[in-house]
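Okay, so here's the structure we're looking at.
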Amino acid sequence: MPKIVDREARRQAVADAVLRVAARHGLEHASLRNVAEEAGLAVGSVRHYFDDHSELMLFAMGELARRIELRVRERAVHLLATPPGADRRTAVEELLAEFLPLDTARHEEAALWLAFTTAARLRPELRPRADELNDGMRELITRVLTEGRRSGSLREDLDVPLETVRLAALLDGLALHAVVQPSHVTPEAMRGVLSRHLDSLARGAGMWT
C-alpha cells in the first residue's frame, strides 16, 4: 500500500527545521537545501510542500508567531481567571513578561523573531506576518491598561494610547538588548525594569486590584 503522508504534519516538520537552522546559524543559512538536510528530506520533497523559499519562510514565521501567541494566550486566560482582590498585578506582570526572553526557549524565540522582522524590512512578503504579532501585542497592552484604568488600579489620567506605545517600546527594547547583550540585560534586569514601569502607572503603592 502507498505510504500515507500527513501534509500539514510534514509542512510543520519542515518549518521546525527552518527555525532550528536559523537559531543555530542565522536566517540567511535557512536555504532550501540546508532546511531539507535538517529535516531529513530531499530538496525536491520540500518543494513538494512549499512552492518556493518565500512561502517556506512565511510559513515558518507564522509557526514562530503561533508559539508566542499560544503562550501569551494561556497567560491571558490566567489573568482573566484571577478574582478581584487577588494579586492581579503579578498576573499582569507575568502576562507581559511572556514577550521577554527570560529563559532559553524565549531567548531563542526572541532572536528568531528579531531575525525575521529585520528580514521583513527588505522582504515585503514577510511584513504582514511581522505586523500581525506586533499589532497583537499592542492590542493586548491596550486592553490591560484600559481595564486597569477602569478598575481604578491605574491613574485616572492615564493616556492609554501613549502608554501603549511606551510599554510596547519598552518590551521590544528589552528583548532586543537581551538578545544582543545578554550579559548586560539579564532576566533579573528585565523583570526589574518591567516591574518599575508598572509601578509608575499604578494609582498608588504599585497595587493593581
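The values are calculated or read from the model by the stated rules, or taken from the named source; none is laboratory data. Since the structure is predicted, the reported quantities are computational estimates derived from the model, not experimental observations. Cβ sites come from the backbone with ideal geometry, for glycine too, and all protein chains shown count toward neighbours.
Please find, among 140, 114, 171, the residue that is farther than 25 Å from residue 82 by Cα and surrounded by 16 or more Cβ atoms within 10 Å (Cβ to Cβ).
114
Given the criteria surrounded by fewer than 17 Cβ atoms within 10 Å (Cβ to Cβ), small (Gly, Ala, Ser) and out of contact with any Asp or Glu (no Cβ under 8 Å at 6 or more places or on another chain), does residue 97 qualify?
Spelling it out, it is not the case that residue 97 is surrounded by fewer than 17 Cβ atoms within 10 Å (Cβ to Cβ), small (Gly, Ala, Ser) and out of contact with any Asp or Glu (no Cβ under 8 Å at 6 or more places or on another chain).
Would you pick out the residues in region 72-90 that are under 18 Å from residue 194 (Cβ atoms) and modelled with pLDDT of 85 or more?
Selection gives 72, 75, 76, 78, 79, 89, 90.
Could you identify the single residue in 88, 71, 75 that is over 22 Å from residue 26 (Cα atoms) and touching a Phe, Trp or Tyr at 6+ places or on another chain (Cβ under 7 Å)?
From the options 88, 71, 75, the qualifying one is 88.
Within region 123-154, how many residues are acidic (Asp, Glu) and either closer than 26 Å to residue 28 by Cβ or over 19 Å from the mean Cα position of the chain (by Cα) (or both)?
The number of residues fulfilling the criteria is 4.
Regarding region 62-81, can at least one residue be identified that is over 23 Å from residue 120 (Cα atoms), out of contact with any Pro (no Cβ under 8 Å at 6 or more places or on another chain) and either hydroxyl-bearing (Ser, Thr, Tyr) or not assigned by TED's automatic domain parsing to the domain that holds residue 194 (or both)?
No, region 62-81 has no match at all.
Among the listed residues 200, 183, which satisfies the condition of being within 25 Å of residue 87 (Cα to Cα) and surrounded by fewer than 15 Cβ atoms within 10 Å (Cβ to Cβ)?
Just one listed residue meets the conditions, 200.
The rows are residues; the columns are (1) over 18 Å from residue 108 (Cβ atoms); (2) among the charged types (D, E, K, R); (3) exposed (fewer than 11 other Cβ atoms within 10 Å of the Cβ).
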site	(1), (2), (3)
8	yes, yes, yes
28	no, yes, yes
32	yes, no, no
43	yes, no, no
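Of all residues in region 103-119 being under 16 Å from residue 30 (Cα atoms) and of a type in the set (A, V, I, L, M, F, W, C), which is farthest from the chain's Cα centre (by Cα)?
Across region 103-119, the extreme among qualifying residues is 119.
Pull out all pairs, ordered by first then second residue, where Cβ-Cβ is under 7 Å, the residues are six or more apart or on different chains, the first lies in region 13-24 and is buried (at least 20 other Cβ atoms within 10 Å of the Cβ), and the second is among the aromatic types (Phe, Trp, Tyr) and assigned to a helix (DSSP H, G or I).
The qualifying pairs are 14/49; 15/59.
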